[in-house]
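Notes follow once the structure below has been shown.
The values are calculated or read from the model by the stated rules, or taken from the named source; none is laboratory data. Every value quoted in this text rests on a predicted model; they were computed, and no experiment measured them. Positions of Cβ are backbone-derived with ideal geometry, glycine not excepted, and every protein chain shown enters the neighbour counts.
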Amino acid sequence: MNTPLRRLATVVLAMFGILVGGATWVQFVQAPDLNADPRNVRTLYREYGNHRGPIVVAGEAVASSAPIDDPFGYQRSYLNGPLYAPVTGYYSVVYGPEGIERWMNTELNGSADSLFYARLQDLVTGRQPLGASVELTIDPVAQQAAWDALGDQSGAVVAIDTTTGAILAMVSKPSYDPNVLASHDMAAVTEVWAALQASPERPMENRAIAGRTYPPGSTFKLVTAAAALESGMTSDTEIAAPTQLQLPLSSSVLRNFGGAPCSSTGTTTLADALRISCNTAFAQLGIDLGDDALRAQAEAFGFDTPLNVPMRVTQSRFPADPDAPQTALSAIGQYEVSVTPLQMAMVSAAIANGGVQMQPYLVAAVRSQDLTIVQQTEPTQLGRPISGGTAAALREMMVQVVESGTGRAAQISGIQVAGKTGTAQTADDVAPHAWFTSFAPADAPRVAVAVIVENGGSMGNEATGGAVAAPIARAVIQAVLR
Amino acid sequence: MATVSPHRVRPGRNGELGLLVLALSLGTGAYALVGLATTGSLPADIFGYSAGLIALSLGMHLVLRWRAPYADPVILPTVVALNGIGLAMIYRIDFAYAARGREVADFAERQLVWTAISVVLAAVVLIALRDHRTLRRYTYTAMVVGLVLLVLPLVPGLGVEINGAQIWIRLSLGGLDGSFQPAEVAKIAFAIFFAGYLVTTRDTLALAGPRLLGLQLPRPRDLGPILLAWLASLGILVFQSDLGTSLLFFGLFVGMLYLATERLSWVVIGLMLFLGGAAVAATVIPHVGTRFDIWLHALGDEYYRASPGSGQLVGGLFGMASGGLFGTGWGEGRPDLVPYAESDFIVASMGEELGLTGLLALLVLYLVLAQRGLRTAIGVRDGFGKLFAGGMAFVIAFQCFVVVGGVTRLIPLTGLTMPFLAYGGSSLLANWVIAALLLRISDSARRPADPALPIELPDADEEPSRAEAPHSTPVSSEHETELIDLRGEGTTS
């Protein structure tokens, strides 16, 4: 029986060899991945042992860590939590970080490569290590104005600096309080998390950039108009504007808002069609331009393109292969066109900036403990979706929308505002989303603002972009230009 | 021809004492470090604790000097080291539990009591059992005892379901109430039964049947026992929902079957039967299937957050990963984040605080223990002893494989615990008894043959395995009925 015993000894040796391999795999080979896993709260514990840097808005820390006498060592707290939640995100010991807390994690906890010299200094001088502070581009007055103007309605507001791309306001409602999620009481956090996740109002979605995308409705006519202008039309080009449009290949008939005619003659100028937001004219225009031209223009504006600000932005989409009636509906921002509010703000900003689109960004600078700047965002050009001429024509047309069209509610005395309304149908029995995308001042643009109010907000079925969303944009523009 | 060698066999008791000092300093040192790391000072009871551990180990050592002077000198120190390190870790996890306000945080104290009970029982086994061959008389009694123990957790009112596995019974032993895993004790009973049964039937089972793909298959009519063992282990898997126990018993049976028959075909048949049975069980029975899914997709978010889910397993992986190569150090990690960090997941706790280095050192200790057991099996002269010692050594190694493999996600997670290391009275008790039995068998394996016997003696110097050289006449000093091992290496090599 000794031969099988010896063989069994070899088998046992092999079994332990496998275990050594398994342990090495977990603790050495896979360890970096496992430690980087956001669900690995040990990494959080280790980080909490370090003093995490603050997130700063206009010189004031909206997220900061303070020493606390528990195993974590530091407690993260948020100033005006719900107001800044879509930006800061949260820093949870149960669910890991989200938002800026997640995307700037290595800077905040001090482990980023760019902070190597700062760490070296701390080591040499024996100074208590402190993560870097992350300074945001957010304008607190504009942020508050957007928050107040949105009121109790569900929706989002994004304001960006047209010349740099800096994001000045990013509000999403309803919101949540990241302080609750940052609590060290794991049971309480789990409970709150479950309630937030289960809430039909989806408070944890950042509607501005990463919620469920919305149909843009008539605000998409800016893209269609841009494609038309780029194809050689001018704002005075006469286009067909029937009261009813029989969609090709289908029995459907497209009408204008309220069933009203767009013109008495059956044709209208491109500028007028945009001013009164004529559905039939733009639907026909879309068919004439074709889905490829529309898609090319949309993609030039940033549709179907990955974007980080530094949080990942959900891609806005233009349908891949629409037939003629679907193209008609797409041209007026219905069918399967879906956008984020940030995308619509970027369309306005590009028009405002003479056709040059700037990369939107939230982080202005990263400063180490001794306040030296270790990282500063330089405005970068994202692309040139339209020519300067097209931009100028669109700007004029958008000014008309606010002066005498559907967007009159955005008028500000002494400041010329350019904008476009949208009232996007989602389903027959649900109130439409109210949209407004705009920039101001029209002659020397500084800020672009996009607003969406879900399901008509306080006005419900009576809502239009002009009535519900435009006043919110106006409030934000006023706050930025104060 | 081997003749009586004048060479004197060294019992090795002094070496054992030296190793014991090393093992004890590991255990008490770890205990002291835990106190220093968590409270900043030595644990208040460090002297009482150390004295207790030293007294128990020395007591056992003295029993060995008295009753089994030729016993293997490495087994006891290895076991003491593992037990001591385990105690330190449990003590350390108590601190974490207490810091988090958990009410029950006296696992270390209870484990210490269980250690004392186990060591005393091990000593009793060594004193009472003068010759391991006595156990062969209880072959079928052992089978019945084993089966009863296995079925106990299914008895309503007695069995408790913990973590979805029905392998526990609730016991109340004068203040030491807790859950008891009868399967731990059953493995000893089954090792006795398998050894006794196989030693008499192995010749039949080894008879050649048809050949298939270069493999000498057994005769179909001899398949009965393995099918029975297979059905029993599948029964455990299905009714108690415990892959670990199921795997352990089937592994023990197949391993011992191979030892007895030397037929690789038995192993192949056994493996195929088990894998096939487990695969069918996983597809047919939902909760078994869920456990496999949890294993395969452990890192998936839907399984991580689910209950039952992979949260515990992945938590253990996170802990081990955060330990890295050298660990956080005693008391510096967060092993308490993983449920059952003191029992099922003590391996992950060790990996976290002692690092890969410490974990590998522990694995080497287990490897040494298993190999000393197998060496004992090679050295002992009777077939029953060989099978019994080989089976127990293998079951320790196999249990380590199943536990560590489960924690490191090599195989699905089971409810088994790490021998000697993990918190748990039943496990500690059973494994100390196994250690005592191995020590007992090793004593007879290493003991020089009685020169007073007027027969030709095998070469019984430091290389006892040579006793089985084909030309030597095997000896059976006490039991004339003992099967004489003529099928040693000579017939196959």
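Applying the condition of being in contact with a Gly (Cβ under 7 Å, 6 or more places away or on another chain) and assigned to a helix (DSSP H, G or I) to the range A:463-482 and asking which residue is farthest from A:Thr406 (Cα to Cα) yields A:Ala473. Against the test of being more than 10 Å from every other protein chain (Cβ to nearest Cβ) and either at pLDDT below 95 or surrounded by fewer than 24 Cβ atoms within 10 Å (Cβ to Cβ) (or both), the options B:Leu367, B:Leu363, B:Leu313 yield a single qualifying residue, B:Leu313.
Considering only residues that are among the small types (Gly, Ala, Ser) and either more than 14 Å from chain B (Cβ to nearest Cβ) or crowded, with 19+ Cβ neighbours inside 10 Å (or both), which ones fall in the range A:46-67? Working first, answer last.
Looking only at the range A:46-67, we keep the residues that are among the small types (Gly, Ala, Ser), and these are A:49, A:53, A:58-59, A:61, A:63-66.
Listed by number, the residues that qualify are A:Gly53, A:Ala58, A:Gly59, A:Ala61, A:Ala63, A:Ser64, A:Ser65, A:Ala66.
Mind checking whether some residue in the range B:421-428 is closer than 13 Å to B:Lys187 by Cα, small (Gly, Ala, Ser) and more than 10 Å from chain A (Cβ to nearest Cβ)? Yes - at least one qualifying residue is present in the range B:421-428. Scanning the range A:110-128 for any residue that is of a type outside the set (Asp, Glu), assigned to a helix (DSSP H, G or I) and under 22 Å from the mean Cα position of the chain (by Cα) turns up nothing. Only a single criterion out of (1) in a helix (DSSP H, G or I); (2) within 11 Å of chain A (Cβ to nearest Cβ); (3) over 21 Å from B:Ile434 (Cα atoms); (4) hydrophobic (A, V, I, L, M, F, W, C) is not satisfied by B:Phe292, namely (2).
Checking every residue in the range B:134-151 against the condition of being in contact with a His (Cβ under 6 Å, 6 or more places away or on another chain) and either in a helix (DSSP H, G or I) or at positive phi (or both) gives zero matches.
Of everything listed in (1) crowded, with 17+ Cβ neighbours inside 10 Å; (2) facing chain B (nearest Cβ under 8 Å); (3) at pLDDT below 90, the single unmet condition for A:Val12 is (3). Of all the listed residues (A:Thr106, A:Thr43, A:Thr3), the sole one being in a helix (DSSP H, G or I), away from every other protein chain (no Cβ under 14 Å) and over 30 Å from A:Gly155 (Cβ atoms) is A:Thr106. When we screen B:Val34, B:Val80, B:Val63, B:Val21 for residues that are assigned to a helix (DSSP H, G or I), surrounded by fewer than 19 Cβ atoms within 10 Å (Cβ to Cβ) and not basic (Lys, Arg), the only hit is B:Val21.
Scan the range B:403-429 for residues that are under 28 Å from B:Ile378 (Cβ atoms) and surrounded by fewer than 24 Cβ atoms within 10 Å (Cβ to Cβ) and jot them down. Of everything in the range B:403-429, those that are under 28 Å from B:Ile378 (Cβ atoms) and surrounded by fewer than 24 Cβ atoms within 10 Å (Cβ to Cβ) turn out to be B:Gly405, B:Leu429.
Going through the range B:326-351 one residue at a time, which ones are modelled with pLDDT under 90 and within 11 Å of another protein chain (Cβ to nearest Cβ)?
Of all residues in the range B:326-351, those modelled with pLDDT under 90 come to B:326-344.
B:Phe326, B:Gly327, B:Thr328, B:Glu332, B:Gly333, B:Arg334, B:Pro335, B:Asp336, B:Leu337, B:Val338, listed by residue number.
Look at B:Leu325 and say whether it is part of a helix (DSSP H, G or I) and of a type in the set (A, V, I, L, M, F, W, C). Considered against the rule, which asks whether it is part of a helix (DSSP H, G or I) and of a type in the set (A, V, I, L, M, F, W, C), B:Leu325 comes out as no.
Would you confirm, using the coordinates I've provided, whether A:Thr280 is of a type in the set (Ser, Thr, Tyr) and under 29 Å from A:Leu342 (Cβ atoms)?
Details: of a type in the set (Ser, Thr, Tyr): yes; under 29 Å from A:Leu342 (Cβ atoms): no.
No: the conditions fail for A:Thr280.
Among residues of the range B:214-240 that are aromatic (Phe, Trp, Tyr), those with a Cβ under 9 angstrom from a residue that is at pLDDT below 75, sequence gap 6+ or separate chain, pair up as B:Phe239/B:Gln166.
In the range A:23-38, which residue that is surrounded by fewer than 20 Cβ atoms within 10 Å (Cβ to Cβ) and more than 26 Å from A:Leu130 (Cβ to Cβ) is farthest from the other protein chains (Cβ to nearest Cβ)? So the residue we want is A:Val29.
Of the residues in the range A:186-197, none is on the phi > 0 side of the Ramachandran plot and modelled with pLDDT of 90 or more.
Would you confirm, using the coordinates I've provided, whether A:Gly422 is within 21 Å of the chain's Cα centre (by Cα) and within 17 Å of A:Gly165 (Cβ to Cβ)? Considered against the rule, which asks whether it is within 21 Å of the chain's Cα centre (by Cα) and within 17 Å of A:Gly165 (Cβ to Cβ), A:Gly422 comes out as no.
Taken together, the criteria exclude B:Tyr97 from residues that are over 21 Å from the mean Cα position of the chain (by Cα), surrounded by fewer than 17 Cβ atoms within 10 Å (Cβ to Cβ) and assigned to a helix (DSSP H, G or I).
Inspection of the range A:132-142 identifies at least one residue that is crowded, with 16+ Cβ neighbours inside 10 Å, over 20 Å from the mean Cα position of the chain (by Cα) and away from chain B (no Cβ under 14 Å). Apart from one condition, A:Ser368 fits all of (1) surrounded by 16 or more Cβ atoms within 10 Å (Cβ to Cβ); (2) closer than 24 Å to A:Leu342 by Cα; the exception is (2).
Of the residues in the range A:268-279, at least one is under 22 Å from A:Ser404 (Cα atoms), of a type in the set (S, T, N, Q) and in a loop (DSSP other than H, G, I, E, B). Please tell me if A:Asp70 is facing another protein chain (nearest Cβ under 10 Å), surrounded by fewer than 18 Cβ atoms within 10 Å (Cβ to Cβ) and not in a helix (DSSP H, G or I). So A:Asp70 passes the test.
Set side by side, the residues A:Asn35, A:Asn50 differ, and just one is under 30 Å from the mean Cα position of the chain (by Cα) and more than 20 Å from A:Ala85 (Cβ to Cβ), which is A:Asn35.
The set of residues in the range A:310-340 that are acidic (Asp, Glu) and in contact (Cβ under 8 Å) with a residue 40 or more places away in the chain contains only A:Asp323. Scanning the range B:251-276 for residues that are away from chain A (no Cβ under 14 Å) and either without any contact (Cβ under 8 Å) to a residue 40 or more places away in the chain or over 22 Å from B:Arg409 (Cβ atoms) (or both) yields B:Ile269, B:Met272, B:Leu273, B:Leu275, B:Gly276. Taking the range A:400-409 as the search range and keeping residues that are small (Gly, Ala, Ser) and farther than 18 Å from A:Thr224 by Cβ, which one is surrounded by the most Cβ atoms within 10 Å (Cβ to Cβ)? Within the range A:400-409, the match that is surrounded by the most Cβ atoms within 10 Å (Cβ to Cβ) is A:Ala409. Filtering the range A:286-310 to residues that are part of a helix (DSSP H, G or I), aliphatic (A, V, I, L, M) and either under 17 Å from the mean Cα position of the chain (by Cα) or closer than 18 Å to A:Pro385 by Cβ (or both) leaves A:Leu289, A:Ala293, A:Leu294, A:Ala296, A:Ala298, A:Ala300. Taking residues in the range A:357-369 that are at negative phi and β-branched (Val, Ile, Thr), and partners anywhere that are buried (at least 22 other Cβ atoms within 10 Å of the Cβ) and in a strand (DSSP E or B), the pairs with Cβ atoms closer than 6 Å and at least 6 places apart or on different chains are A:Val363/A:Val134; A:Val366/A:Val134.
How many residues does the range A:385-399 hold that are surrounded by fewer than 20 Cβ atoms within 10 Å (Cβ to Cβ) and touching a residue at least 60 places away in the same chain (Cβ under 8 Å)? Residues flagged as surrounded by fewer than 20 Cβ atoms within 10 Å (Cβ to Cβ) and touching a residue at least 60 places away in the same chain (Cβ under 8 Å) within the range A:385-399 amount to 3.
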